[in-house]
């Protein structure tokens with residue numbers, strides 16, 4: 001049976017039988033800040049867990065993971081959960097032969113591994129970090145920023161925005177290390193003789209990847225971008241009509257009537273809108289949004305109901321020209337009906353925990369190995385000069401905080417690191433993301449030395465994110481006035497936990513403005529502006545389809561070292577991108593200053609008023625949607641790494657399934673790459689299924 005057609009639309013009702021592991025394996029309790037009110041499910045003894053795992057376990061663990069001081073035996077505490085049942089585990093030395101090995105559990109790799117297991121294949125899913133799905137930081141939408149910066153859930157890379165150090169050191173986000181080891185963040189003018197490190201760039205590092213810690217923006221790119229991809233690859237299955245079908249198959253829509261055209265309601269990633277009724281409690285925000293409508297040449301909403309009806313229109317509606325007109329929307333996000341995040345991790349766990357009526361595992365082929373850091377892909381030796389190398393497995397190490405991007409790396413202690421080799425009888429699938437996928441491929445000899453793939457790591461793109469911050473003459477009314485963000489007695493957390501209502505249901509910006517600049521190269525708008533009010537009103541301006549090109553290169557042959565990453569901001573097509581962002585800044589300034597209601601005049605704080613707008617953008621710009629540096633394209637293209645079915649050129653049995661496969665000319669597919677990457681993961685599953693089963697690809 002097609003796994004997509006039989007996916008439940010809600011989480012499994014869990015009991016202690018959800019446990020996976022083995023006797024003696026030690027677990028870490030979910031991280032709970034003081035004041036959290038979790039639900040007590042059960043107390044599990046070692047003996048009971050051992051009995052259950054002997055019957056039903058699909059994740060086999062041998063040995064014990066390294067202990068932290070805060071870890072304790074399974075018999076020493078009770079399991080606490082918000083609303084789901086899942087344990088933290090480490091597997092070491094499980095059965096070492098699988099049909100498929102997937103490196104990385106994010107939007108591309110995680111659901112792909114689950115779908116392969118649901119069709120009867122044996123799959124090893126390698127995740128370098130642990131499962132933190134029970135953490136409030138992942139479950140509560142308004143805590144997403146805390147999750148993204150958590151030592152337990154994030155990797156921190158140092159990246160360069162510019163090769164020109166004079167420009168680079170103007171950024172007040174630049175990080176430096178003093179001779180005494182202390183860290184300073186600020187401009188070069190204030191850094192003295194400190195060592196320059198770069199700009200901190202965070203990536204999700206947990207089961208489910210960045211889908212567990214990001215802002216949850218769940219928006220489709222313009223249809224024209226899918227059609228452009230189909231034309232570039234010569235593969236019509238990537239066109240917008242086919243990709244809409246892929247979207248419908250993975251979506252579980254919770255904000256529209258069942259059966260709404262262009263949407264899915266039985267998939268594995270939930271979608272929802274922010275609760276628009278909360279707009280009634282924010283008069284200042286209503287006024288500002290009204291002024292933006294006026295600046296767009298539209299009538300201002302005459303009531304909160306009118307505003308909700310207008311801003312609540314569906315951003316993902318079935319409309320090929322929905323991106324062509326500048327307009328305001330509210331965000332679509334990957335929350336379920338209870339406004340709880342549903343990232344890749346939920347589908348992985350639903351697959352792992354699904355059982356038959358007799359309690360046996362429904363999909364026993366899925367093995368998840370956490371704290372398992374992939375160091376290289378293994379290849380079979382060529383038997384003749386004309387035979388292409390074949391990926392046959394993965395070498396990885398089991399351990400905690402072995403990678404230098406881990407914020408806890410300096411304190412990991414000296415532990416022996418013994419490589420483990422796992423064999424893939426069909427394919428190795430690399431889904432490490434735009435930083436780690438090129439690093440793994442390069443360390444494996446697939447670029448550029450042994451196999452001529454110069455495109456690996458090149459054409460790195462990111463959506464420039466600039467912004468404008470203005471200070472109002474008086475404070476806006478904000479829903480978060482009484483919130484304490486997890487401190488004892490937090491009333492907002494209590495409301496969310498008990499009723500799934502209130503401010504903490506908000507996981508992204510309230511308003512999304514599609515804006516067409518004067519230099520847009522297609523009929524579609526090219527700026528995505530997001531906003532939320534405090535006394536300082538901040539608009540984040542996201543440049544879609546940027547012109548810049550950077551690179552990811554090896555820093556050393558040490559797989560535990562981080563790569564050299566330089567985005568080369570504004571070096572290629574810089575004038576175009578700067579002009580687009582400047583247009584957006586000026587539009588927002590004009591819209592804000594046209595406002596009344598006692599909030600104006602507004603004082604611009606950033607870009608710095610003492611410099612030009614374009615210089616301010618260059619000093620301030622950042623990004624967190626890295627993509628495009630293992631791009632799709634024909635084998636004869638020096639800019640291509642994989643073909644239209646995501647198979648790495650020049651080798652057999654190796655695919656890439658993550659944000660790095662998007663062609664450079666298209667950027668990160670719209671403003672937010674998460675949903676397109678989920679779609680790529682399902683697309684890869686369809687390709688593999690067709691190859692394995694000899695099926696005719698129908699979409």
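The values are calculated or read from the model by the stated rules, or taken from the named source; none is laboratory data. Quick caveat: nothing in here was measured; it's all calculated off a predicted structure. Here Cβ is always computed from backbone atoms with ideal geometry, including for glycine, and neighbour counts include all displayed protein chains.
Residues of segment 199-206 include at least one that is more than 30 Å from residue 572 (Cα to Cα) and buried (at least 17 other Cβ atoms within 10 Å of the Cβ). Residue selection: residue 159 fails the criterion of being under 23 Å from the mean Cα position of the chain (by Cα), assigned to a strand (DSSP E or B) and over 30 Å from residue 190 (Cα atoms). Among residues that are more than 22 Å from residue 331 (Cα to Cα), touching a residue at least 60 places away in the same chain (Cβ under 8 Å) and surrounded by fewer than 23 Cβ atoms within 10 Å (Cβ to Cβ), residue 524 is not included. Given the options 171, 134, name the one that is touching a strand residue (DSSP E or B) at 6+ places or on another chain (Cβ under 6 Å), crowded, with 16+ Cβ neighbours inside 10 Å, in contact (Cβ under 8 Å) with a residue 24 or more places away in the chain and outside any strand (DSSP E or B). Of the residues listed, the single one that is touching a strand residue (DSSP E or B) at 6+ places or on another chain (Cβ under 6 Å), crowded, with 16+ Cβ neighbours inside 10 Å, in contact (Cβ under 8 Å) with a residue 24 or more places away in the chain and outside any strand (DSSP E or B) is 134. Listed by position, the strands (runs of 3 or more DSSP E) contained in segment 346-408 that have at least 3 residues being touching a helix residue (DSSP H, G or I) at 6+ places or on another chain (Cβ under 8 Å) are 372-380.
Set side by side, the residues 296, 278 differ, and just one is at pLDDT below 95 and surrounded by 14 or more Cβ atoms within 10 Å (Cβ to Cβ), which is 278. When residue 234 is tested against (1) buried (at least 17 other Cβ atoms within 10 Å of the Cβ); (2) more than 20 Å from the chain's Cα centre (by Cα); (3) in contact (Cβ under 8 Å) with a residue 40 or more places away in the chain, exactly one condition is not met: (1). When 284, 290 are screened for being at pLDDT below 95, closer than 21 Å to residue 324 by Cα and surrounded by 16 or more Cβ atoms within 10 Å (Cβ to Cβ), only 290 passes.
Given the criteria surrounded by fewer than 24 Cβ atoms within 10 Å (Cβ to Cβ) and in contact (Cβ under 8 Å) with a residue 60 or more places away in the chain, does residue 376 qualify? Spelling it out, residue 376 is indeed surrounded by fewer than 24 Cβ atoms within 10 Å (Cβ to Cβ) and in contact (Cβ under 8 Å) with a residue 60 or more places away in the chain.
Within segment 401-433, the only residue that satisfies the criterion of being touching a strand residue (DSSP E or B) at 6+ places or on another chain (Cβ under 9 Å), under 12 Å from residue 560 (Cα atoms) and at pLDDT below 90 is 417.
Across segment 537-552, the qualifying residues are those that are outside any loop (DSSP other than H, G, I, E, B) and surrounded by fewer than 22 Cβ atoms within 10 Å (Cβ to Cβ), and the one among them that is modelled with the highest pLDDT is 551. Looking at residue 469, is it under 27 Å from the mean Cα position of the chain (by Cα), modelled with pLDDT under 90 and under 30 Å from residue 525 (Cβ atoms)? Spelling it out, residue 469 is indeed under 27 Å from the mean Cα position of the chain (by Cα), modelled with pLDDT under 90 and under 30 Å from residue 525 (Cβ atoms).
Residues of segment 577-615 that are farther than 18 Å from residue 285 by Cβ, in a helix (DSSP H, G or I) and without any contact (Cβ under 8 Å) to a residue 60 or more places away in the chain: 578, 582, 586, 613, 614, 615.
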